[in-house]
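See structure below.
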Amino acid sequence: MTLQITTIVFLIVLLIVFQFVKGTSRRWVLLLGSIVFICFEGGLLGILAVTFVTLLTYGAGRFLLSGEKKKSAAFAVIAVLVLILFGWKYIAFLAPRAELYGFSGSMNIPLPIGLSFYTFQAISYIADICEGRVVPERDIVNFSLYMLFFPKWMSGPIERAGTFIEQLRFQGNIRAYSFHRITHAAAYIVWGLVLKLLIADKVAIAVDTAFGDITVLGPVTLFVVSILYTLQIYCDFAGYTDIAIGISKLFGIDLSKNFKTPYMAENIKDFWRRWHMSLSSFFRDYVYIPLGGNQKGTFKKYLNTVVVFFVCGLWHGVGLSFIVWGLLHGAFSVVTDLISKTRLKFLTKGALGRIITFLLVNFAWIFFRAASLSQAISFIKCMIPSLNANVITAGLVNYGGEVLGLGAWDWWIIAASVVVLIIMDHVAYKRDVFTPMVMIQGLSDNRRAVVLALVLSIVLIFGEYGSGAQVREFVYMNF
């Protein structure tokens, strides 16, 4: 979703209608609201794409996976879904290059928003039916909401059908205007806005400025930029997820948690248990385990790990830079497992493990952010002083103007917000809770409301939004 006034108005209207409608009719309110939202945000292409995938998956579950050849049918349907996802991604990637092959102006095929996320949901549903983990859903409204529910349609989390659809059966029992439910939902929404508007969108200006021309920047500046992008991608995606979780809670639906202090991870394996958790569990259950997991020897275990991260790279985007990003994480995971069995296992634990993990993740993010593999390599080369002719702090020193496109006031806001983020994540890590809960844990509903109102006021005063700011899409809308 995008942070626009129309989105806020849509949400308020939908909440009012939802609260006044009773019983199972609330599912229709959410479904019709989701359709309107998708049409508004994704256009005709968005609603057609998700409708096709939804009807294909629903029909397959009802009519193709009940016979003796259930596994063959499931394999065929999953193959079609994979072809839709990766085929469309490559067409969208190749379209701008079509003129190089004599097809000028004939291939302008954009990628539907959310395709990666709801296609993976469809794949998990078909696989779960095949393995007997869920029964085919007969109610088309329930299944359509599973696929189209607007908070998660755009960028996840990637939900499992059984857990999500079961919640829809109790929609009519949700008590209207529950203050306790509202404060819990608001905690996620407000913290998501902190991450998005106080950190991600401000930092994005500096990152975009730097990647616009890395040749004029010094090694220290480029290292700082890499750290900034590491913050941006986390705050942007975790911010979206928290907002989506909070909005869903307002309608009595609990979405899967997606981030649990990932930069507090002690090693790469721990990082992927905390980062984009719904995607990590998807690859574990539907790629790693079907390949044999760790049950067929050490070599096959490591090979399966590398294959999973290779596919993860392909899923995120088309291009060698994404493949390298995925393979780097595969290699990091294998090396982490090998080291954990030696005297060097101290490198994968404690404070030292956190520092090493953060630096490894930070390095890999360069390939994720770069426009191409060649730009990523150039970026890394320019981080080496002997290969960079510029002053080591070139682009970072302020001589009275802006630094990387930001003024001094913005940098102070970023610095203060990042300090708060580090403290909040540290407390959440120690308490083993999700970060938004730190703001309200142990407080009464009234005190929670005061705290959340105060934090929201700070966001509205210092956040990057409004007519004077660039309206930025969430990063993962593009995947």
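Within the chain, helices built from complete DSSP H runs that reach 15 Å or longer along their own axis (Cα positions) and carry a mean Kyte-Doolittle hydropathy of -1.0 or higher are 5-20, 25-59, 70-94, 115-130, 179-193, 201-212, 219-250, 298-316, 320-339, 350-369, 408-431, 445-462. Quote the FRET efficiency, to the nearest 0.05, computed for Val141 versus Val306 with a Förster distance R0 of 41 Å and r equal to the Cβ-Cβ distance. According to the calculation, E is roughly 0.50. Each stretch of four or more DSSP H residues adds -39500 (n - 2.57); spread over every residue of the chain, this sum gives -20500 deg cm²/dmol at 222 nm. Taken along the Cα-to-beta-carbon direction at a fixed 7 Å, the label points for Ile174 and Ile16 span 1.8 nm. Dipole of the stretch 161-236 computed with +1 at Lys/Arg Cβ and -1 at Asp/Glu Cβ about the Cα centre; of Thr183, Phe170, Ser226, farthest Cα towards the positive end is Phe170. A 1.4 Å probe run over the stretch 1-53, with the rest of the protein chains in place, finds 51 Å² accessible per residue. Candidates Met424, Gln295, Trp411 compared by Cα position along the dipole of the chain: farthest toward the positive end lies Gln295, with charges placed on Cβ. Using r as the Cβ-Cβ distance of Val36 and Phe346, and R0 as 35 Å, what FRET efficiency do you calculate, to the nearest 0.05? Using R0 = 35 Å, I get an efficiency of 0.05. Hey, with R₀ at 56 Å, roughly what FRET efficiency would Asn294 and Glu402 work out to, going by the Cβ-Cβ distance, to 0.05? Between Asn294 and Glu402 the formula returns 0.65.
So I have (1) 4, 16, 24, 24, 18, 10, 4, 1, 0; (2) 4, 18, 28, 28, 17, 5, 1, 0; (3) 4, 17, 23, 20, 14, 11, 7, 3, 0, and one of them is P(r) over Cα pairs in 10 Å bins from 0, in percent calculated from this model. Which one is it? Entry (2). Of all aspartates and glutamates in the structure, those lying under 18 Å Cα to Cα from Lys381, and not within fewer than 8 positions of it along the same chain, are Asp213. When the solvent-accessible area of the stretch 323-414 is split by element, carbon and sulfur atoms take up 71 percent of it, the probe being 1.4 Å.
Distance cut-off 22 Å, Cα to Cα: go down the list Lys89/Lys300; Lys89/Lys301; Lys257/Lys430 and report the pairs above it.
Values: Lys89/Lys300 29 Å; Lys89/Lys301 29 Å; Lys257/Lys430 18 Å.
Going by Cα-Cα distance, Lys89/Lys300; Lys89/Lys301 fall outside the 22 Å limit.
Only Lys, Arg, Asp and Glu carry charge here, each on its Cβ (+1 for the first two, -1 for the last two); on that basis the stretch 334-408 has a dipole of about 460 debye about its Cα centre. Within the accessible surface of the stretch 193-244, defined with a 1.4 Å probe on protein heavy atoms only, the carbon and sulfur portion equals 71 percent. Put a dot 7 Å past the Cα of Ala416, heading toward its Cβ, do the same for Glu473, and the two dots end up 3.2 nm apart.
The values are calculated or read from the model by the stated rules, or taken from the named source; none is laboratory data. Values in this document were obtained by computation on a predicted structure and should not be read as measured data. Heads up, the Cβs are rebuilt from the backbone with ideal geometry, glycines too, and the neighbour counts pull from every protein chain shown. Just so you know, the surface numbers come from the protein's heavy atoms only, side chains and all, with ligands and any DNA or RNA stripped out. Shrake-Rupley method; radii C 1.70, N 1.55, O 1.52, S 1.80 Å.
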